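Asks: Please find one structure pasted underneath; my questions will follow.
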Amino acid sequence: MGISIREVKDHEDLKTFIYLPEKIHEHHPAWLPPLYLDEEKFFSIRKNPAFRHNPHILFLAFENKRPVGRIMGVIPVEYNRMHHSSCARFSYLECYENKEIFDALIHAVEDWAKKQQANELIGPMGFSDKEPQGFLMKGFEGPTMMVTNCSFPFMADWIRQDGYAPFIDLCQYDVPISKEIFERYKNYTQRVEDHLHVHILEFSSTKNVKPYIKPIFDLINRTYQEIYGFSSISDEERDEFAERFLPLLNAQLIKIITDKDNNVVAFVVAMPDFSGGLRKAKGRIFPFGWFHIWRSARKSKRLVLLLGSIEPAMQNKGLDAILATRLFASAIRLGFKTVDSHIIMRDNHKMRAEIERLQGYNMYKEYSIFRKSL
């Protein structure tokens, strides 16, 4: 009967959309399930303001009434307004290894994007750079971290065959955490702290972090504008993001720097890698998944960088070294052995240079975001 495409319009279709990847990746050893409780919140129009602020569409592909693929299309309104562009994006693309399915999904979003007056389609990329982005190009056997794509090799091949070209390249590093690194920068960072008259805030409870959430996101909005795909985060989106991730964080892995007037000028946030527990829980919190995730986070020796930023006027003055030194000191005390950089744009030479100064680093994954004129 061939492949048919259907727009997601009811709760049952949405449930199929969310849980279909675990069937597609059933025999894929590197795949990491999402945290489904979070996934259900993310795809809720009521709970996720991004759905209310941006035109979007969800499609499912069927073969003989069996779901075999999914894709989301998005018009990033704020990004297009800020950059005077008319792009659309595709994301959350999953399908079995069948090019007919892949093409049907891509063409469905292309047709939708044209009706939205878009002149190009970019992806994989969702509402923002805080979601999985890019097709995996290298490092297919490496560990998969949360909020990263674990795509099959055929996807990058097939998107090229459909007329798309690589647009943005991304990379991901693994770096050993050692006392030598901490000792090397300790005296230098102390001099920077004294010279700049800054204060380093460290925490034992995420409750004490809450007063700094707004200034942190204000700083992100000022400093992330040059990152491709970034759109300014609204107060509503900020609150939703904080609600999703703050309960997962260890307060000891949050470092904030304020100036003499108590303004936030820099911060870094990291979290334990609990992917092993998430995999064992199959992405489900209940009935016992929470225990596997909690235990994995407690035993984890791998740290994952989530967010960080420095006020532009304070960059290149050593605040990055202060953040790294304080974070590594806490990480060593907590027993962590390595840190994952999360995804970095390949042309972010400043951040890559900071990582590549550290001995033993390994760029273990590479991704590409693709683009096609419509």
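Asks: Does segment 278-290 contain any residue that is more than 24 Å from LYS41 (Cα to Cα), open to solvent by less than 40 Å² (accessible area, probe 1.4 Å) and not small (Gly, Ala, Ser)? Working first, answer last.
Replies: Keep residues of segment 278-290 that are more than 24 Å from LYS41 (Cα to Cα), which gives none.
Within segment 278-290 (the criterion being more than 24 Å from LYS41 (Cα to Cα), open to solvent by less than 40 Å² (accessible area, probe 1.4 Å) and not small (Gly, Ala, Ser)), the answer is no, since none of the residues qualifies.
Every residue, every condition in (1) in contact with a His (Cβ under 6 Å, 6 or more places away or on another chain); (2) open to solvent by 20 Å² or more (accessible area, probe 1.4 Å); (3) not in a strand (DSSP E or B), yes or no:
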| position | (1), (2), (3) |
| --- | --- |
| LEU37 | no, yes, yes |
| ARG46 | no, yes, yes |
| PHE51 | no, no, yes |
| LEU60 | no, no, no |
| MET82 | no, yes, yes |
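Asks: Continuing with this model, one more query. If I go through segment 159-184 residue by residue, how many of them are in a helix (DSSP H, G or I) and buried (at least 19 other Cβ atoms within 10 Å of the Cβ)?
Replies: Final tally of qualifying residues: 2.
Asks: Return only the number of the condition from (1) among the acidic types (Asp, Glu); (2) under 19 Å from the mean Cα position of the chain (by Cα); (3) buried (at least 16 other Cβ atoms within 10 Å of the Cβ) that ASP347 does not satisfy.
Replies: Failed condition: (3).
Asks: Please determine whether any residue of segment 323-331 is surrounded by fewer than 14 Cβ atoms within 10 Å (Cβ to Cβ) and over 19 Å from the mean Cα position of the chain (by Cα). Walk me through it before giving the result.
Replies: At the first step, the residues of segment 323-331 found to be surrounded by fewer than 14 Cβ atoms within 10 Å (Cβ to Cβ) are none.
No, every residue in segment 323-331 fails to be surrounded by fewer than 14 Cβ atoms within 10 Å (Cβ to Cβ) and over 19 Å from the mean Cα position of the chain (by Cα).
Asks: Here is a further query. What is the residue count in segment 108-139 for residues that are free of Cβ contacts under 8 Å to residues at least 12 places away in the same chain and either in contact with a Phe, Trp or Tyr (Cβ under 7 Å, 6 or more places away or on another chain) or not acidic (Asp, Glu) (or both)?
Replies: 1
Rundown of residues vs (1) over 23 Å from ASN48 (Cβ atoms); (2) part of a loop (DSSP other than H, G, I, E, B), yes/no style:
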| residue | (1), (2) |
| --- | --- |
| ILE200 | yes, no |
| LYS207 | yes, no |
| GLN225 | no, yes |
| PHE241 | no, no |
| LEU246 | no, no |
| ASN262 | yes, yes |
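Asks: Determine which single condition TYR212 fails, assuming it passes every other condition in (1) of a type outside the set (D, E, K, R); (2) part of a helix (DSSP H, G or I); (3) in contact with an Asp or Glu (Cβ under 6 Å, 6 or more places away or on another chain).
Replies: (3)
The values are calculated or read from the model by the stated rules, or taken from the named source; none is laboratory data. Because the structure is predicted, anything quoted here is derived from the model rather than measured. Counting neighbours? That spans all protein chains shown, and the Cβs are built from the backbone with ideal geometry, glycine included. For the accessible areas, the whole protein counts, side chains as well, though only heavy atoms, and no ligand, DNA or RNA atoms are used. Shrake-Rupley method; radii C 1.70, N 1.55, O 1.52, S 1.80 Å.
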